[in-house]
Amino acid sequence: MTSVAPWRRPDLLLAGPAVTPDGLVPALVAVTGGKVSGVHNLSEETTFAGVPVHRLAGDEVLLPGLVDTHVHVNEPGRTHWEGFATATKAAAAGGVTTMVDMPLNSLPPTIDTASLELKRAAADGQCYVDIAFWGGAVPGNEPHRAALDGAGVRGFKCFLADSGVPEFPPLDRAGLRRAAAQIAELGSLLLVHAEDPDYLGEVAGQGGADYAAFLRSRPPRAETSAIEAVIEAARHTGVRAHILHVSSADAIELLAAARAEGLAITSETCPHYLALAAEEARDGATEFKCCPPIRERANAGRLWAGLRAGVIDYVVSDHSPCPPELKLPGTGDFAKAWGGIASLQLSLAVVWSYGRERGVQLADLARWMAAGPAELAGLACKGRVAVGCDADLVAFAPDASFLVEPAKLQHRHKLTPYAGRRLTGLVRRTWLRGREIFSSGHVAAVGPGGRLL
Ligand SMILES: [Zn+2]
């Protein structure tokens, strides 16, 4: 517990149980100039003359604002899929105060400094939360990667199989090794969508509407083979590598072995792989389609175990929406429907709802969904209720439940596999650098005050 600097009175004082790096403690959190300036033990005698104390409601706890490092905003170029204003409002409503935008599905993709500038210009003045950017590693952009790194991207994403959009082609094995060597030299981070095209098959039967056939077309071996290739590249280059959206629990053993070997490899999974199961994806229910796919319930149980054992490091949304017609509701064709699940606003409640029955604690959420992803993206002032960090805070009611009503989602498009589900854990208020940006179901009227990081 640290004292506030005596020469400046705080602007805001929040009292209640808070999830800090030391765990869940009764705290008086002081905010000065947008930063956490003190985390005092509530039992200590601490007074700040003239500064009103805002007490959390009896059923609320204070969480660090979440850091979601896997969001496809799609603007510019596919703004009709999602955009900075709508995505960041959804983030604020979901307790996410920092997002890192993926380099693909916007046009142009973020693969050189000119496209990064276009992206930043599109985001500027529209964001309700803070935002940073990943760059892309695609065939042919080697000459641009150093400048992109210098311009502030937090790392480089690549695919090994078809990305779903023609302007962001995959790297082959030689391209992966070269990218790993280059990114290691830059001291940056390599992010990999790990599916090996050699193991991806066709969706057969029932005009492609058969979920089981779709699942068979993207088997666990496609993921483990790709992860083996990344591990090999990391072993030979020393690159820091991150495996995106682990869907198959078969990956856990590989990731644990890589860690034991001392390789700098981290991984993430997503709320839908933990909460949803192939058994509940009806044929033609393309709102369940994402790549890699949602697998069987038993697989989800093993993912939870990998997460709780610390082998899988983070949980982030992979928010990847599209206009509902691209989900092909008429035919329900899994082969042709856009793959992506929109869940930015619901991630926290989904992970909490399905995790708490497995013994997950609020401190686990803070580590998997705030402090950990902040560290991954090199955002030292984010993701923790700690002195010196940005005062990005969430008043969260862990026992309050709500029904997912698509119309209440701030996402541009409301299609979601969570529609009609009752989730536990309600975001009541969100603060970004000490400023309230969401309260009682509404994005605050203060306007878009998010920064480009
Ligand atoms: Zn993605």
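The values are calculated or read from the model by the stated rules, or taken from the named source; none is laboratory data. As the structure is a prediction and not an experimental result, all values here were calculated from the model. Because the Cβ atoms are built from the backbone with ideal geometry, glycine has one as well, and the counts that use them run over all protein chains shown.
Observations on the model:
- Among (1) away from the ligand (no atom under 16 Å from the Cβ); (2) on the phi < 0 side of the Ramachandran plot; (3) not in a helix (DSSP H, G or I) - the single one L104 does not satisfy: (1)
- Listed conditions (1) more than 30 Å from G332 (Cα to Cα); (2) over 20 Å from the mean Cα position of the chain (by Cα) are all met by G420, apart from (1).
- Verdict on D172 being modelled with pLDDT of 95 or more and of a type outside the set (G, A, S): yes
Residue-wise test of (1) small (G, A, S); (2) at pLDDT 95 or above.
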{"residue": "A194", "(1), (2)": "yes, yes"}
{"residue": "A209", "(1), (2)": "yes, no"}
{"residue": "R216", "(1), (2)": "no, no"}
{"residue": "R221", "(1), (2)": "no, yes"}
{"residue": "I227", "(1), (2)": "no, yes"}
{"residue": "A234", "(1), (2)": "yes, yes"}
{"residue": "L244", "(1), (2)": "no, yes"}
{"residue": "S247", "(1), (2)": "yes, yes"}
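- The set of residues in the range 319-334 that are in contact with a Phe, Trp or Tyr (Cβ under 7 Å, 6 or more places away or on another chain) and either part of a loop (DSSP other than H, G, I, E, B) or within 12 Å of the ligand (Cβ to nearest atom) (or both) comprises P321, C322, P323, F334.
Here is a yes/no grid of residues against (1) within 28 Å of L104 (Cβ to Cβ); (2) touching a Leu at 6+ places or on another chain (Cβ under 7 Å); (3) touching a residue at least 24 places away in the same chain (Cβ under 8 Å):
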position: G340; (1), (2), (3): yes, no, yes
position: M369; (1), (2), (3): yes, yes, yes
position: V385; (1), (2), (3): no, yes, yes
position: A395; (1), (2), (3): no, yes, yes
position: A407; (1), (2), (3): no, no, no
position: V427; (1), (2), (3): no, yes, yes
position: E436; (1), (2), (3): no, no, no
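- Only one of A179, A174, A233 that is part of a helix (DSSP H, G or I) and touching a helix residue (DSSP H, G or I) at 6+ places or on another chain (Cβ under 7 Å): A233
- Remark: V351 matches the filter, which requires a residue to be among the aliphatic types (A, V, I, L, M), more than 14 Å from F288 (Cβ to Cβ) and more than 12 Å from the ligand (Cβ to nearest atom).
- None of D162, D149 is in contact (Cβ under 8 Å) with a residue 12 or more places away in the chain, acidic (D, E) and under 20 Å from H242 (Cβ atoms) except D149.
- Here A275, A226, A209 are screened, and the one residue that is aliphatic (A, V, I, L, M), within 16 Å of the ligand (Cβ to nearest atom) and closer than 21 Å to F334 by Cβ is A226.
Here's the yes/no breakdown for (1) modelled with pLDDT of 95 or more; (2) out of contact with any strand residue (DSSP E or B) (no Cβ under 8 Å at 6 or more places or on another chain); (3) among the charged types (D, E, K, R):
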| site | (1), (2), (3) |
| --- | --- |
| C389 | yes, no, no |
| D392 | yes, no, yes |
| A395 | yes, no, no |
| T416 | no, no, no |
| T424 | yes, no, no |
| R433 | yes, no, yes |
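- Test: V67 is under 30 Å from A400 (Cβ atoms), in contact with a His (Cβ under 6 Å, 6 or more places away or on another chain) and touching a residue at least 12 places away in the same chain (Cβ under 8 Å): no
- Qualifying positions in the range 182-204 - surrounded by fewer than 16 Cβ atoms within 10 Å (Cβ to Cβ) and in a loop (DSSP other than H, G, I, E, B): G187, G201, E202, A204
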